[in-house]
Amino acid sequence: MRVAAGLILASALSVALTGAAWSQTPAAKPAGAAQAAPAAAAPAAAPAPAAAAPAPAGFVNPPPPKQAPQPARAACNTPGALGVARTVEIDTTGGPGFGFEHFKELDFLRDHEVVLTFDDGPWPKNTPAVLKALADECTTGIFFSIGKHATYEPEILKQVYAAGHAVGSHTWSHANLNNKKLNEAQRKEEIEKGLSAVKWALGGISPAPFFRFPALQHPPEMVTYLGNRNMAIFSCDIDSFDFKASKPEKVIETVMKKLDTKGKGIILMHDFQKHTAEALPELLKRLKAGGYKVVAMRAKFPASTLPEYDQELLKDIKLPTVSQRPVNSVVTTVSE
């Protein structure tokens, strides 16, 4: 793995102690809770170049929106649960990169510390199962949502946010942004429309400025663009390859084998995958037994969406008209 040199000039981490991917996903909306099988993985990722470049002429990055704080994680009432060892706050100015698969500047994890990350949701059955497993162990993760999936299942994504997990973005349609058939405008649209979709699904609440490229494919110009947008880029240290697993036990075996070799790291999983949802309860127990501790990552400021993409999104999602809605969803008695 090669170093992404010069990503930022100074550390982007302020650490606050607390008490305590490659799948190709379907573009079609799920029918109820039906499970769709992902296609084969994309080729190995290319190293990412530096992101700290001057913003192009005429580019105006909106300031972070002012919004209410995210709900805190529920108090843990489970003795001996995995829990959360500490929380780190991320200043995403300049687009810092995380995960030694591509970025080696910010080595902030201590020995036997892990960050749990989940891509490609929200998805019926599987994402709720992942949320339950995390809640049962009083722990947390980062969810990188595909924009289309967020518009399909906004209530599930709201559950992710309400449970106190960080919500990031993972493009609009999970397009490989290294695809030469995509021009720069189309790549930007994938990033920005995906971010707008996640915000829409959360009821207008801006997600964290955390982004992960589909298939970990990092086009140099898009790394620079995300740096100008003050979006942190997430690679990984440990890829679970859960999309290749034939059974839950294989997911656990892959993660623990790599983790016991490296001693720490950002773990890449997919809440879209059935085997991941099935494996997670036992995997969390194995992490606890192995002396591993979970670190929560939260953003200093929320992401800012671009108005033109917010508007474009509304053309692609079918919002119910008043005539299609039941009366009690339009008119509510609040006092008599």
Residues being among the small types (Gly, Ala, Ser), within 19 Å of PHE103 (Cβ to Cβ) and touching a His at 6+ places or on another chain (Cβ under 9 Å) - total across segment 241-275: 1
One residue from GLU105, GLU89, GLU101 being over 16 Å from LEU268 (Cβ atoms) and at pLDDT below 95: GLU105
Scope segment 124-141; condition outside any helix (DSSP H, G or I), under 15 Å from the mean Cα position of the chain (by Cα) and more than 23 Å from ALA303 (Cα to Cα); matching residues: none
Residue within segment 105-122 that is buried (at least 24 other Cβ atoms within 10 Å of the Cβ), part of a helix (DSSP H, G or I) and not acidic (Asp, Glu) present: no
Unique residue being touching a Phe, Trp or Tyr at 6+ places or on another chain (Cβ under 7 Å) and either within 17 Å of LEU268 (Cβ to Cβ) or at pLDDT 95 or above (or both) when the list is LYS193, LYS199, LYS158: LYS193
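Does ALA208 qualify as being closer than 22 Å to GLU113 by Cβ, among the small types (Gly, Ala, Ser) and assigned to a loop (DSSP other than H, G, I, E, B)?
Details: closer than 22 Å to GLU113 by Cβ: yes; among the small types (Gly, Ala, Ser): yes; assigned to a loop (DSSP other than H, G, I, E, B): yes.
Against the criterion (closer than 22 Å to GLU113 by Cβ, among the small types (Gly, Ala, Ser) and assigned to a loop (DSSP other than H, G, I, E, B)), ALA208 qualifies.
The values are calculated or read from the model by the stated rules, or taken from the named source; none is laboratory data. A quick note: this is a predicted structure, and the numbers were derived from the prediction, not measured. Positions of Cβ are backbone-derived with ideal geometry, glycine not excepted, and every protein chain shown enters the neighbour counts.
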